[in-house]
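Here's the structure, in C-alpha coordinates; my notes come after.
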Amino acid sequence: MKKLNNYIVLLLCLAFATSCEIDNYEGPDATIQGTIFEDQTHQPLQVDHGSSIIRMREISWAKNDSAYVGNQILKVQQDGTYRNTKWFSGEYRMLPYNGAFYPYDDINKDSDAAGELVKISGTVTKDFTITPYLIIDWVEEPTILPDNRIRCSVRFKRIQKPGYEMPDVKEAWLLVSRIINTSARDLDMYPRKLDLSNDMENQVIEFVSDRAVKYTGIDYYIRISMNCQTAAGKPETNYPGMGANNFTTIKKIFVP
(Lines give C-alpha, C1' and ligand atoms only; values in the text may rest on other atoms or scores of the structure.)
Protein backbone atom coordinates (compact mmCIF):
# COMPACT_ATOMS: atom_id res chain seq x y z
CA MET A 1 0.00 0.00 0.00
CA LYS A 2 2.88 2.30 0.87
CA LYS A 3 4.45 1.66 -2.55
CA LEU A 4 1.13 2.48 -4.23
CA ASN A 5 0.89 5.79 -2.34
CA ASN A 6 4.45 6.68 -3.31
CA TYR A 7 3.64 5.89 -6.93
CA ILE A 8 0.58 8.17 -6.84
CA VAL A 9 2.61 10.99 -5.27
CA LEU A 10 5.25 10.59 -7.99
CA LEU A 11 2.60 10.84 -10.74
CA LEU A 12 1.14 13.96 -9.14
CA CYS A 13 4.57 15.57 -8.95
CA LEU A 14 5.24 14.80 -12.60
CA ALA A 15 1.86 16.21 -13.61
CA PHE A 16 2.50 19.35 -11.58
CA ALA A 17 5.93 19.81 -13.10
CA THR A 18 4.52 19.42 -16.60
CA SER A 19 1.69 21.91 -15.99
CA CYS A 20 4.15 24.48 -14.68
CA GLU A 21 6.35 24.36 -17.75
CA ILE A 22 7.07 27.86 -19.00
CA ASP A 23 5.18 28.85 -22.14
CA ASN A 24 7.92 30.15 -24.42
CA TYR A 25 5.61 31.06 -27.32
CA GLU A 26 6.07 34.70 -28.23
CA GLY A 27 3.17 36.86 -27.14
CA PRO A 28 1.32 39.47 -29.22
CA ASP A 29 3.78 42.26 -29.96
CA ALA A 30 2.17 44.25 -32.79
CA THR A 31 -0.33 47.10 -33.14
CA ILE A 32 -2.82 47.33 -35.99
CA GLN A 33 -4.85 50.52 -36.37
CA GLY A 34 -6.65 52.61 -38.95
CA THR A 35 -9.88 54.16 -40.17
CA ILE A 36 -12.71 53.11 -42.47
CA PHE A 37 -13.60 55.99 -44.79
CA GLU A 38 -16.63 56.65 -47.02
CA ASP A 39 -15.65 57.15 -50.64
CA GLN A 40 -18.39 59.76 -51.20
CA THR A 41 -17.52 62.16 -48.37
CA HIS A 42 -13.96 61.04 -47.54
CA GLN A 43 -15.12 61.13 -43.91
CA PRO A 44 -14.89 58.24 -41.43
CA LEU A 45 -17.75 55.76 -41.62
CA GLN A 46 -20.15 56.12 -38.67
CA VAL A 47 -21.01 52.73 -37.15
CA ASP A 48 -22.43 51.07 -34.05
CA HIS A 49 -20.09 51.07 -31.07
CA GLY A 50 -17.83 48.00 -31.22
CA SER A 51 -18.97 46.86 -34.65
CA SER A 52 -17.28 43.64 -35.79
CA ILE A 53 -16.72 44.65 -39.40
CA ILE A 54 -13.03 43.98 -40.10
CA ARG A 55 -12.26 40.34 -40.79
CA MET A 56 -8.70 39.17 -40.15
CA ARG A 57 -7.40 35.94 -41.69
CA GLU A 58 -3.83 34.98 -40.77
CA ILE A 59 -2.11 33.05 -43.52
CA SER A 60 1.56 33.34 -42.51
CA TRP A 61 1.59 30.30 -40.22
CA ALA A 62 -0.09 27.85 -42.61
CA LYS A 63 2.27 25.25 -44.10
CA ASN A 64 0.23 24.66 -47.23
CA ASP A 65 -2.86 25.85 -49.07
CA SER A 66 -5.02 23.12 -47.53
CA ALA A 67 -4.31 24.15 -43.93
CA TYR A 68 -7.34 25.41 -42.01
CA VAL A 69 -7.18 29.13 -41.26
CA GLY A 70 -9.82 30.57 -38.93
CA ASN A 71 -11.05 34.15 -39.08
CA GLN A 72 -10.58 36.72 -36.36
CA ILE A 73 -12.40 40.02 -35.94
CA LEU A 74 -11.28 43.59 -35.25
CA LYS A 75 -13.89 45.79 -33.63
CA VAL A 76 -14.46 49.34 -34.88
CA GLN A 77 -15.39 52.39 -32.82
CA GLN A 78 -18.38 54.65 -33.54
CA ASP A 79 -16.24 57.10 -35.49
CA GLY A 80 -14.93 54.43 -37.89
CA THR A 81 -11.52 54.07 -36.25
CA TYR A 82 -9.96 50.90 -34.86
CA ARG A 83 -6.86 50.06 -32.83
CA ASN A 84 -5.58 46.82 -31.32
CA THR A 85 -2.26 46.91 -29.47
CA LYS A 86 -2.10 43.17 -28.67
CA TRP A 87 -1.90 41.52 -32.05
CA PHE A 88 0.37 38.72 -33.25
CA SER A 89 2.85 39.67 -35.95
CA GLY A 90 2.28 37.94 -39.26
CA GLU A 91 0.69 38.19 -42.66
CA TYR A 92 -3.08 38.65 -42.82
CA ARG A 93 -5.90 39.14 -45.27
CA MET A 94 -7.92 42.09 -44.00
CA LEU A 95 -11.47 42.62 -45.19
CA PRO A 96 -14.13 45.21 -44.24
CA TYR A 97 -17.10 42.91 -43.97
CA ASN A 98 -20.68 42.64 -42.75
CA GLY A 99 -21.32 46.37 -42.46
CA ALA A 100 -23.71 48.85 -44.11
CA PHE A 101 -21.64 49.03 -47.28
CA TYR A 102 -21.22 47.20 -50.58
CA PRO A 103 -18.78 44.26 -50.85
CA TYR A 104 -15.24 45.57 -50.50
CA ASP A 105 -13.53 42.99 -52.71
CA ASP A 106 -15.27 43.06 -56.10
CA ILE A 107 -13.56 39.88 -57.30
CA ASN A 108 -13.46 37.59 -54.27
CA LYS A 109 -16.49 39.05 -52.44
CA ASP A 110 -16.43 37.41 -48.97
CA SER A 111 -14.56 34.19 -49.85
CA ASP A 112 -11.45 33.01 -47.99
CA ALA A 113 -9.30 34.76 -50.59
CA ALA A 114 -11.06 38.11 -50.12
CA GLY A 115 -9.40 41.18 -48.67
CA GLU A 116 -6.02 42.89 -48.80
CA LEU A 117 -2.76 41.21 -47.87
CA VAL A 118 -1.19 43.12 -44.97
CA LYS A 119 2.05 42.30 -43.17
CA ILE A 120 1.72 43.25 -39.52
CA SER A 121 4.84 43.91 -37.46
CA GLY A 122 5.48 46.67 -34.97
CA THR A 123 2.84 49.37 -35.50
CA VAL A 124 0.92 49.26 -38.77
CA THR A 125 -1.75 51.71 -39.94
CA LYS A 126 -4.18 50.31 -42.48
CA ASP A 127 -7.07 52.46 -43.75
CA PHE A 128 -9.95 51.28 -45.91
CA THR A 129 -12.34 53.16 -48.20
CA ILE A 130 -15.81 51.68 -48.70
CA THR A 131 -19.02 52.63 -50.53
CA PRO A 132 -21.89 52.97 -48.02
CA TYR A 133 -25.50 52.27 -48.87
CA LEU A 134 -26.62 55.67 -47.55
CA ILE A 135 -25.25 59.10 -46.73
CA ILE A 136 -27.29 60.79 -43.97
CA ASP A 137 -26.77 64.51 -43.39
CA TRP A 138 -28.13 66.80 -40.69
CA VAL A 139 -30.57 69.46 -41.88
CA GLU A 140 -31.59 70.77 -38.45
CA GLU A 141 -29.31 69.68 -35.64
CA PRO A 142 -30.99 68.45 -32.43
CA THR A 143 -32.80 71.10 -30.38
CA ILE A 144 -34.86 70.99 -27.19
CA LEU A 145 -38.51 71.99 -27.51
CA PRO A 146 -40.29 73.94 -24.73
CA ASP A 147 -41.81 70.67 -23.46
CA ASN A 148 -38.30 69.09 -23.29
CA ARG A 149 -38.81 66.83 -26.26
CA ILE A 150 -36.03 66.56 -28.84
CA ARG A 151 -36.44 67.62 -32.44
CA CYS A 152 -34.10 67.30 -35.41
CA SER A 153 -34.20 66.66 -39.14
CA VAL A 154 -32.03 64.91 -41.72
CA ARG A 155 -31.82 64.10 -45.41
CA PHE A 156 -30.54 60.83 -46.90
CA LYS A 157 -29.02 59.96 -50.25
CA ARG A 158 -28.81 56.47 -51.68
CA ILE A 159 -25.44 55.46 -53.10
CA GLN A 160 -24.78 53.03 -55.92
CA LYS A 161 -21.45 51.31 -56.37
CA PRO A 162 -20.51 50.60 -60.00
CA GLY A 163 -21.40 47.03 -60.89
CA TYR A 164 -23.92 46.64 -58.06
CA GLU A 165 -27.68 47.12 -57.73
CA MET A 166 -28.92 49.42 -54.99
CA PRO A 167 -30.92 47.90 -52.11
CA ASP A 168 -34.16 49.48 -50.86
CA VAL A 169 -34.29 51.66 -47.74
CA LYS A 170 -36.20 50.21 -44.80
CA GLU A 171 -36.38 52.06 -41.45
CA ALA A 172 -34.97 54.99 -39.50
CA TRP A 173 -34.58 55.67 -35.77
CA LEU A 174 -33.99 58.65 -33.54
CA LEU A 175 -31.29 57.54 -31.08
CA VAL A 176 -31.01 59.33 -27.74
CA SER A 177 -28.52 58.40 -25.04
CA ARG A 178 -27.09 59.87 -21.84
CA ILE A 179 -23.65 58.52 -22.76
CA ILE A 180 -21.65 58.97 -25.96
CA ASN A 181 -22.17 55.28 -26.76
CA THR A 182 -25.46 55.87 -28.53
CA SER A 183 -25.98 52.14 -28.95
CA ALA A 184 -26.88 52.08 -25.25
CA ARG A 185 -30.10 53.96 -25.87
CA ASP A 186 -33.34 53.74 -23.90
CA LEU A 187 -35.77 52.22 -26.40
CA ASP A 188 -38.67 52.55 -23.94
CA MET A 189 -38.16 56.28 -23.68
CA TYR A 190 -37.32 56.86 -27.34
CA PRO A 191 -38.94 54.11 -29.42
CA ARG A 192 -39.59 56.21 -32.49
CA LYS A 193 -39.18 54.27 -35.70
CA LEU A 194 -39.96 55.64 -39.14
CA ASP A 195 -40.66 53.44 -42.15
CA LEU A 196 -38.71 54.62 -45.19
CA SER A 197 -39.30 54.39 -48.92
CA ASN A 198 -36.94 55.10 -51.79
CA ASP A 199 -38.98 58.11 -52.93
CA MET A 200 -38.13 59.88 -49.63
CA GLU A 201 -34.57 60.33 -50.87
CA ASN A 202 -33.33 63.94 -50.63
CA GLN A 203 -36.46 64.98 -48.70
CA VAL A 204 -36.20 66.61 -45.27
CA ILE A 205 -37.25 64.07 -42.65
CA GLU A 206 -38.14 65.40 -39.21
CA PHE A 207 -37.87 63.48 -35.94
CA VAL A 208 -39.45 64.45 -32.61
CA SER A 209 -39.03 62.25 -29.54
CA ASP A 210 -42.21 60.65 -28.23
CA ARG A 211 -41.54 61.84 -24.69
CA ALA A 212 -39.75 64.60 -22.87
CA VAL A 213 -36.25 63.82 -21.66
CA LYS A 214 -36.28 62.21 -18.24
CA TYR A 215 -33.35 64.09 -16.71
CA THR A 216 -32.35 67.75 -16.92
CA GLY A 217 -29.09 69.53 -16.27
CA ILE A 218 -27.09 66.97 -18.26
CA ASP A 219 -25.84 66.31 -21.79
CA TYR A 220 -27.57 64.02 -24.26
CA TYR A 221 -26.07 62.41 -27.35
CA ILE A 222 -28.19 62.23 -30.48
CA ARG A 223 -27.92 60.64 -33.89
CA ILE A 224 -30.12 59.15 -36.59
CA SER A 225 -29.71 55.64 -37.98
CA MET A 226 -31.18 54.17 -41.17
CA ASN A 227 -30.90 50.76 -42.76
CA CYS A 228 -31.57 49.04 -46.05
CA GLN A 229 -33.04 45.75 -47.16
CA THR A 230 -32.81 43.51 -50.20
CA ALA A 231 -34.43 45.24 -53.17
CA ALA A 232 -37.87 43.88 -54.02
CA GLY A 233 -37.55 41.07 -56.59
CA LYS A 234 -33.74 41.33 -56.64
CA PRO A 235 -32.20 38.69 -54.35
CA GLU A 236 -28.76 39.55 -55.73
CA THR A 237 -28.89 42.72 -53.59
CA ASN A 238 -28.77 40.62 -50.40
CA TYR A 239 -25.16 41.63 -49.75
CA PRO A 240 -23.21 40.59 -46.62
CA GLY A 241 -24.31 42.78 -43.72
CA MET A 242 -27.60 43.73 -45.32
CA GLY A 243 -29.74 45.35 -42.62
CA ALA A 244 -26.81 46.98 -40.81
CA ASN A 245 -27.24 50.67 -40.03
CA ASN A 246 -25.81 53.81 -41.60
CA PHE A 247 -25.63 56.80 -39.23
CA THR A 248 -25.32 60.52 -38.95
CA THR A 249 -22.51 61.93 -36.87
CA ILE A 250 -23.22 62.19 -33.12
CA LYS A 251 -24.46 65.54 -31.76
CA LYS A 252 -24.28 66.55 -28.11
CA ILE A 253 -26.93 68.81 -26.60
CA PHE A 254 -27.33 70.13 -23.05
CA VAL A 255 -30.76 70.01 -21.43
CA PRO A 256 -30.94 72.79 -18.81
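The values are calculated or read from the model by the stated rules, or taken from the named source; none is laboratory data. Keep in mind the model is a prediction, meaning the values are calculated, not measured. In this analysis, Cβ positions are derived from the backbone assuming ideal geometry, glycine residues included, and neighbour counts consider all displayed protein chains. Please note that ligands, DNA and RNA were not included when accessible areas were found on the heavy atoms of the full protein model with its side chains. Shrake-Rupley method; radii C 1.70, N 1.55, O 1.52, S 1.80 Å.
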query: Which order do Tyr220, Tyr215 take when ranked by solvent-accessible area (1.4 Å probe, heavy atoms of all protein chains), largest first?
result: Tyr215, Tyr220
- prompt: In square angstrom, rounded to the nearest 10, how much accessible surface does Trp138 have for a 1.4 Å probe?
  reply: 50 Å²
field: Phe254 accessible area, assembled protein chains, probe 1.4 Å, Å²
entry: 120 Å²
message: If you count only protein heavy atoms and use a 1.4 Å probe, how large is the accessible surface of His42, to the nearest 10 Å²?
response: 140 Å²
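Cα-Cα over 28 Å: which of Lys75/Lys119; Lys109/Lys252; Lys119/Lys170?
Table pairs above 28 Å Cα-Cα are Lys109/Lys252; Lys119/Lys170.
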statement: Taking only the alpha carbons of the range 82-238, the radius of gyration and the largest Cα-Cα distance, Dmax, both in angstrom, are 19.5, 58
task: Please list Val124, Val154 in order of solvent-accessible area, largest first, computed with a 1.4 Å probe with all protein chains present.
output: Val124, Val154
message: As an exercise, identify the trypsin sites (Lys or Arg not before Pro) in the range 143-181 lying in DSSP coil whose Cβ has no more than 11 other Cβ atoms within 10 Å.
response: none
field: Label-point separation in nm, Asn108 to Asn202, each point 7 Å along Cα→Cβ
entry: 3.9 nm
Label-point separation, Gln40 to Glu165 (7 Å along Cα→Cβ), nm: 2.0 nm
- line: On each of the three principal axes the extent of the alpha-carbon atoms of the range 22-138, given in whole Å and largest first, is 56, 29, 18
task: Work out the FRET efficiency for Val118 and Asp147 from their Cβ-Cβ distance, taking R0 = 45 Å, and round it to the nearest 0.05.
output: 0.30
